[in-house]
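The values are calculated or read from the model by the stated rules, or taken from the named source; none is laboratory data. Here the structure is a predicted model, which is why all the values come from computation and not from measurement. Virtual Cβ from ideal backbone geometry, glycine too; neighbours counted across all protein chains shown.
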Amino acid sequence: MLAEHSRDGLIGSGATIKKTMGLIAAGNALLYEKVIKHLGTLNQSYNNQLEAEVQSLAKEAQASFKAESLKRLQKSTEIARNPKLYERMAPEVESSMATDLANFQNSLNVFVLDLKHKNYMSPVIKGLWYLEGFLLLASMFISGMWFKDPSGNYEPILVGLGFVIPLLAVVIKIGTKKTT
């Protein structure tokens, strides 16, 4: 940027400060965008502390970025031969960063809620899973009884369980599709 502005004769103008402020704003927004994008690639599972931990890490990263950015803004005002503009422009940069932080917190909240929703299993679906497991164990037990006593009348029970167990699997599948 400095080489461009020097070439164009803008190095001592407010355009340098304006461009610096634009680069700071873009860099700050990019920081948060990359955090959200990186979270999406982690295949993270939900936990209660996830949002607080990510916010804490992002605030630390922004604090470091902010300190460096404000130094660059101050240098930019000195290059533009008007160092007093720094005191006037710094609050605007900080306000822009605070807005980006609020937007990031909203995006993070949406991400975490979506993650929580994906991992949620209703009590009815959990109950159906337990029932299916119990029926599978019962059918194995009855099959063992039939193996020991082939003359027993176990076929109707096993056929009935053979219809009910897949039906439960279908109900579970339909139930989980409705909640997502």
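Computed values, structure above
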{"item": "Yes/no for Tyr46 being touching an Asp or Glu at 6+ places or on another chain (Cβ under 9 Å) and under 17 Å from Val112 (Cβ atoms)", "result": "no"}
{"item": "Condition met for Ile24 (within 30 Å of Val164 (Cα to Cα) and either surrounded by 11 or more Cβ atoms within 10 Å (Cβ to Cβ) or assigned by TED's automatic domain parsing to the domain that holds Gly175 (or both))", "result": "no"}
{"item": "Conditions (1) among the charged types (D, E, K, R); (2) closer than 30 Å to Arg72 by Cβ; (3) modelled with pLDDT of 90 or more: number failed by Glu132", "result": "(2)"}
